[in-house]
Amino acid sequence: MLGKIFLQEQDIEMAIDVYRRAIEFSPENPELLTSLGLLYMHMGSYQKAFEHLGTAMTYDPTNFDAILAAGSMMQTHHDYDVALTKYRVAAAAVPESAPLWNNIGMCFFGKKKYVAAISCLKRACYLAPFEWKVLQNLGLVHLTMHQFASAFHFLSAAVSVKPQVAELYMLLAVALAHLSDPENAKQAYEKAMTLDPKDPAIPLNFCVFCYNIGERKAAVKYLTEFELRLKTLRQEQPNNFAIDKEGGNRFCLEVKKVHSNKQQFAKNALVRNIQNLSKMTTI
């Protein structure tokens, strides 16, 4: 109870301390172990989080929260098959969970099985029709499959539910650009730039979009903004990203429209795997 009070007060460190003391008196309690693992995960201590979640699953192999959290970390490290194995256990225990089917869908997306991904995500959408993360993921998968009208449908729905998320406007702009609506695509990019002053993906995609429609000065402007944001991100989070050796195409959603000899805009771009961009972890 004391740990929950600290959580309500947003004092995560004190909550962790309380749960650690509680585990000393009850080391085999899967609920306490799961709660502590989730707190460590929230704080970014993924190794400690995985250890406690693993211990919780040792005492309770069907612990839904522990399985879902551990599986989401496995997805982050691209261990999709292992994550799916865990999710099968969770699906048997709680088959009507939108976060579970969302994560299963993004596992299939990571394995490039897009039809299976859409099927799972649509089941998640049926269970939680107003969950913007599921809508965003559906839009992202449809973008990858070049089904731009369907992508626009889900992304616009996500924007209606969560209008303050910049990434939604960026993805919506990509869909609009492919649907030959540059005016609205530009407005969506500008909205994304306003909402998020730190994300380097937004000015990079905006840069290539401007280049594609012939606005060279604007392209240079947003390329410069991208480089500034990337430099800042490297200083703030030196261990949380890597450089794409293939030119950063996975980071820039718009770059596929640029001719091969014009891909200098995406060189040395930051890799943020597309599943991470879609916030694939638990809802």
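None of Phe154, Phe148 is of a type in the set (Phe, Trp, Tyr) and over 18 Å from Ala124 (Cα atoms) except Phe148. Within the range 103-149, the only residue that satisfies the criterion of being of a type outside the set (A, V, I, L, M), open to solvent by less than 50 Å² (accessible area, probe 1.4 Å) and in a loop (DSSP other than H, G, I, E, B) is Glu131. The C-beta contact set for the range 166-189 (first residue within 16 Å of Phe154 (Cβ to Cβ) and open to solvent by less than 10 Å² (accessible area, probe 1.4 Å), second residue part of a helix (DSSP H, G or I) and among the basic types (Lys, Arg), distance under 8 angstrom, 6+ apart or interchain) comprises Ala173/Lys186. Selection within the range 75-89: residues that are surrounded by fewer than 17 Cβ atoms within 10 Å (Cβ to Cβ) and closer than 12 Å to Leu100 by Cα. The member of this set that is modelled with the lowest pLDDT is Val89.
So, Leu155, is that one within 30 Å of Tyr222 (Cα to Cα), among the aliphatic types (A, V, I, L, M), without any contact (Cβ under 8 Å) to a residue 24 or more places away in the chain and touching a Leu at 6+ places or on another chain (Cβ under 6 Å) or not? For Leu155, the condition - within 30 Å of Tyr222 (Cα to Cα), among the aliphatic types (A, V, I, L, M), without any contact (Cβ under 8 Å) to a residue 24 or more places away in the chain and touching a Leu at 6+ places or on another chain (Cβ under 6 Å) - is met. The set of residues in the range 158-173 being in contact with a Phe, Trp or Tyr (Cβ under 8 Å, 6 or more places away or on another chain) and part of a helix (DSSP H, G or I) consists of Ala158, Val159, Val161, Leu168, Tyr169, Met170, Leu172, Ala173. With respect to the conditions (1) of a type outside the set (A, V, I, L, M); (2) open to solvent by 50 Å² or more (accessible area, probe 1.4 Å); (3) under 22 Å from Ala91 (Cα atoms); (4) within 17 Å of the chain's Cα centre (by Cα), Tyr59 falls short on a single one, namely (4).
Residue-wise test of (1) among the charged types (D, E, K, R); (2) surrounded by fewer than 16 Cβ atoms within 10 Å (Cβ to Cβ); (3) modelled with pLDDT under 80.
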{"position": "Gln10", "(1), (2), (3)": "no, yes, yes"}
{"position": "Asp65", "(1), (2), (3)": "yes, no, no"}
{"position": "Met73", "(1), (2), (3)": "no, no, no"}
{"position": "Leu100", "(1), (2), (3)": "no, no, no"}
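The values are calculated or read from the model by the stated rules, or taken from the named source; none is laboratory data. These numbers were taken from a predicted model, which means no experiment stands behind them. FYI the Cβ positions are ideal-geometry reconstructions off the backbone, even for glycines, and counts take in every protein chain you see. SASA here: full protein model, heavy atoms, side chains in, ligands and nucleic acids out. Shrake-Rupley method; radii C 1.70, N 1.55, O 1.52, S 1.80 Å.
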